[in-house]
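Worksheet for the structure shown next.
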Amino acid sequence: MDIPKAKKPRRKPWILAIGGVCALLAVTVGLSRLRPAAPSVERASVWLDTVKRGPMVRQVKGAGTLVPEYIRWLTADTAGRVERIHVRPGAAVTADTLLLELTNPDVQLQALEAERQLASVEADLIQVRMELETQRLAQEATVATLVNESAEAGRRAEANEDLFGKALIGDLEVRQTREKAAELRRRLALEEKKLVVVASSMKEQLAAQQGQVDRLKAVARFRRAQVESMKVVAGEDGVLQELPLELGQWVTPGVLLAKVVKPERLKAELRIAETQARDIQPGLKALVDTRNGVVEGEVARVAPAASQGTVRVEVSLPAELPRGARPDLTVEGTVELERLGDVLSVGRPAGAQPNATMALFRLMPGSDEAVRVPVQLGRGSVNAVEVLQGLQEGDQVVLSDMAAWDAVERVRLR
């Protein structure tokens, strides 16, 4: 009879299970510690630049137009209707070239009325002068008569004094002649004073009347000037650039009639972004691209206030300009702010601001991976910016806009 034997416990499956669990845990932990794969970026779609050390020219750039240095604006002095247009824009004109004619009957009537009033006051002046001169002459005649009478009375009084001394006449007659002579002297003195008053009054009245004449002369000159201004002349030698009127159009005082320019002297008006214009000063060197050539100029004036996010900068240009340079031509100008010596610089990244810190992707040496690093920037220019910290000479960085990869720390350039 066979005796059953006890079966030995099988440990191998348990060992295998435990080993499998441990391997699974190890793989899970290992996978969790692996870095995620870097996203790929086409190398041809990004702009790379190398950090270099050396001189750097700080520049700012802006677009603008060529404008004449001398512009004469012709505006209407009075209201009127456009009756004739003799010259059209683009024509060369001289100072006495008749551009257009206006008509306004009211202005002509006002001029005629001013002339009539002036003639009337001038006639009054003649009449007043004649009357005053007559009064003065009459007073001078009165004084002359009294001078003769006073002298005669004085001589008679002296003669009577002699006769009285010889007892030939009485005392009464002597006193009468003496008193007569004294009365005539007093009358003479009064009439002489009256003559002085008449002469003084004559001057004042004539001055007042002459002042009225002068005022009306000024009014008449003004009215005549208004009539003459309705024949609009260029006033300067140059080119008629603008004449925005048509026949029969009614204009009011102050409306632009025409614009005459001197096209041989041009300047550039550049529009520089207000964030870049703070260091621009008169006297700085500027290069202006006229599309037909580049000319060197100098900053002449900087507008004191910004407009629509830009600052107007005027650049004076030499007299000789490339062929094709003309008013209102679109140009591009570059203003040189300063030249820096031995500095670390790189091409200007997209969205970079001077004296700020931004993150850039730096290409790892010998690899196709670019790692995000913080970079402190310094002074900026049009196409370059100074590097203060975060990069070394020879580093390659991505300058293109990498906003689409803000969530990752590294990218692969393929």
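The values are calculated or read from the model by the stated rules, or taken from the named source; none is laboratory data. Since this is a predicted model, take the numbers as computed values, not measurements. Neighbour counts are summed over all protein chains in view; Cβ atoms, including those assigned to glycine, are modelled from backbone coordinates with ideal geometry. These area figures cover heavy atoms from the full protein model, side chains too; ligands, DNA and RNA do not enter into them. Shrake-Rupley method; radii C 1.70, N 1.55, O 1.52, S 1.80 Å.
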Just how large is the dipole of region 222-336 about the Cα centre, in debye to the nearest 20, putting +1 at every Lys and Arg Cβ and -1 at every Asp and Glu Cβ?
-> 380
Sparse-neighbourhood loop sites, trypsin sites (Lys or Arg not before Pro) in region 315-380 - DSSP loop, at most 10 other Cβ within 10 angstrom = Arg323
Taking amide H positions as placed in the peptide plane 1.01 Å from N, state which residues far from Glu69 in sequence (5 or more) or on other chains have amide H under 5 Å from it.
-> Arg265, Leu266, Lys267
What full-extension length gain, to one decimal in nm, is calculated for Glu158 and Glu83 as 0.36 nm per residue of separation minus the Cα-Cα distance?
-> 18.1 nm
Note to self: C-alpha centroids of region 256-278 and region 322-371 sit apart, in Å, by 26
Arrange the residues Ser45, Ser201, Ser150 by how much accessible surface each exposes, largest first, with a 1.4 angstrom probe.
-> Ser45, Ser201, Ser150
Using a 1.4 Å probe, how large is the accessible area of Thr357, given in Å² and rounded to the nearest 10?
-> 100
From Cα coordinates alone, what are the radius of gyration and Dmax values for the chain in angstrom?
-> 52.0, 227
Zero-based 5 Å bins, Cα pair distances in region 210-267, whole percents = 4, 13, 17, 18, 14, 12, 10, 6, 4, 2, 0
Relative to the longest principal axis of the C-alpha atoms of the chain, give the angle of the C-alpha long axis of helix 171-229, reported between 0 and 90° and rounded to the nearest 10°.
-> 30
Gap in Å between the Cα centre of region 176-198 and the Cα centre of region 40-95?
-> 88
Can you list the trypsin sites (Lys or Arg not before Pro) in region 145-205 that are in a DSSP coil and have 11 or fewer other beta carbons within 10 angstrom?
-> Lys166
Taking square-rooted eigenvalues a ≥ b ≥ c of the alpha carbon gyration tensor, is region 311-414 rounded, prolate or oblate, where a/c under 1.5 means rounded and, failing that, a/b exceeding b/c means prolate?
-> prolate
In degrees, nearest 10, range 0 to 90: what is the angle between the Cα axis of helix 12-33 and the longest Cα principal axis of the chain?
-> 20
Classified through the alpha carbon gyration tensor (a ≥ b ≥ c as square roots of its eigenvalues; rounded if a/c is under 1.5, else prolate when a/b is larger than b/c, else oblate), region 152-297 comes out prolate
Step through the table entries Lys231/Lys262; Lys217/Lys259; Lys180/Lys203; Lys52/Lys285, compare each Cα-Cα distance with 28 Å, and write down the pairs that go over it.
-> Lys217/Lys259; Lys180/Lys203
Asserting the computed 222 nm helical MRE of the chain (DSSP H runs at least 4 long, -39500 (n - 2.57) per run, divided by residue count, to nearest 500) equals -13000 deg cm²/dmol
Between Ala63 and Ser200, the two model label points (7 Å from Cα along the beta-carbon direction) sit apart by a distance in nm of 7.9
Set of region 216-232 residues, backbone N closer than 19 Å to the point 7 Å along the Cα-Cβ line of Glu122 = 216-228
Rounded to the nearest 0.05, what FRET efficiency do Glu336 and Thr103 have when you use their Cβ-Cβ distance and R0 = 60 Å?
-> 0.60
Gain in span if fully extended, Arg224 to Ser45, counting 0.36 nm per residue against the direct Cα distance = 57.1 nm
Report the local net charge at Asp401: Lys and Arg +1, Asp and Glu -1, summed over other residues whose C-beta lies under 15 Å from its C-beta.
-> -1
The chain, Gaussian network, Cα under 10 Å: of Leu195, Leu399, Leu340, the residue fluctuating most is Leu195
Relative to the chain, whose Cα atoms define the longest principal axis, helix 105-165 and its Cα axis are tilted in degrees, nearest 10, by 40
Go through region 313-414 and name the GluC sites (Glu not before Pro) that are in a DSSP coil and have 15 or fewer other Cβ atoms within 10 Å of their Cβ.
-> Glu320, Glu393, Glu409
